[in-house]
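Beneath this line is the structure, given in structure tokens, with notes to follow.
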Ligand SMILES: [Zn+2]
């Protein structure tokens, strides 16, 4: 009897490990497309993936710092609160979001303020005053909507700024799923308009 019980316990453990593994692989499949986009835009390799304390999935070039994870959770918390105020109820779970922390391509903006931003190709912003010769600096960038995914620069200070960037990029994703017309009106900043969009 003892042996049978042990065998059953082993089977239960196996079943659990197997289903956890399948779940992780499925999650990775959903992430693969946005991971490719993140690498293409940032030219970084994301070797680390962790969950934030509240359950967002976070990819990092380095192991994400606890301050960055807290900033991500705060940004999403603020996003969900302002979304509910606007009666938007879809995609308000931390686990709906995948955040990529890229290596910044600069530490300061042109005014000399701390601004760990990422250089990306200008695309529709070509010829505007953000065009610095084929590239531009962004604080964040949406990568996809299923899952909701975006890129932000790694902060080592001013984590309130990091939280704001998370909230701002998340605004595009919330609008995409809750108010497509308003999403279309606000997705492209090349003709002006910025953040916050939701009040
Ligand atoms: Zn934006």
*Tell me what the chain gives for mean residue ellipticity at 222 nm when only DSSP H runs of n ≥ 4 count, each as -39,500 (n - 2.57), the sum divided by the residue total, rounded to 500 deg cm²/dmol.*
-15500 deg cm²/dmol
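Could you line up 187, 136, 68 from fewest to most neighbouring Cβ atoms inside 10 Å?
Values: 187 14, 136 20, 68 24.
Starting with the residue having the fewest Cβ neighbours, the order is 187, 136, 68.
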*Within the range 147-173, what residues put their amide N at less than 15 Å from the label point 7 Å along the Cα-to-Cβ vector of residue 77?*
159-164, 166-167
*For the chain, find the longest principal axis of its Cα atoms and tell me its angle to the long axis of helix 66-85, 0 to 90°, nearest 10.*
80
_Taking the 0 to 90 degree range and rounding to the nearest ten, how far is the long axis of helix 159-178 tilted relative to the main principal axis of the chain, both from C-alpha atoms?_
80
*asked:* With a cut-off of 8 Å between alpha carbons and a minimum separation of six or more residues, what is the relative contact order of the chain in percent?
replied: 20
*What is the spread of the Cα atoms of the range 147-199 along each of their three principal axes, largest first, in whole Å?*
36, 27, 20
*At a Förster radius of 45 Å, what calculated FRET efficiency corresponds to the Cβ-Cβ distance of residue 103 and residue 6, to the nearest 0.05?*
0.35
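For the chain, what proportion of DSSP beta bridges, expressed in % and rounded to the nearest 5, is antiparallel? It would help to have the intermediate numbers written out before the result.
On the way: 15 of 25 bridges.
Bridges in the chain that DSSP calls antiparallel: roughly 60 percent.
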*Give me the percent of DSSP beta bridges within the range 51-161 that run antiparallel, rounded to the nearest 5.*
55
*Quick one: among 56, 70, 15, which has the greatest mean-square fluctuation in a GNM of the chain with alpha-carbon springs under 10 angstrom?*
15
*What's the FRET efficiency of residue 89 with residue 50 using the Cβ-Cβ distance as r and R₀ = 35 Å, to the nearest 0.05?*
0.80
*Work out the FRET efficiency for residue 191 and residue 63 from their Cβ-Cβ distance, taking R0 = 35 Å, and round it to the nearest 0.05.*
0.35
*What residue among 90, 132, 62 shows peak mean-square fluctuation when the chain is described by a Gaussian network model with Cα springs under 10 Å?*
132
_Can you tell me which of 49, 98, 174 moves the most in a GNM of the chain? Springs connect C-alpha atoms under 10 Å apart._
49
*Measure nothing but the geometry: give the 0 to 90° angle between the long axis through the Cα atoms of 2-42 and the longest principal axis through the Cα atoms of the chain, rounded to 10°.*
10
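Within a 10 angstrom radius of the beta carbon, how do 181, 57 rank from fewest other beta carbons to most?
On the way: 181 8, 57 22.
Ordered from fewest to most neighbouring Cβ atoms within 10 Å, 181, 57 come out as 181, 57.
If we count other beta carbons within 10 Å of each Cβ, what is the order of 37, 169, 185, fewest first?
Numbers: 37 18, 169 25, 185 12.
Arranged by neighbour count, lowest to highest, 37, 169, 185 become 185, 37, 169.
Values quoted throughout were computed directly from the atomic coordinates according to the rules given, and no laboratory measurement underlies them. All figures in this text were calculated on a predicted structure; none of them were measured in a lab. Positions of Cβ are generated from backbone atoms using ideal geometry, with glycine treated the same way; all protein chains shown enter the neighbour counts.
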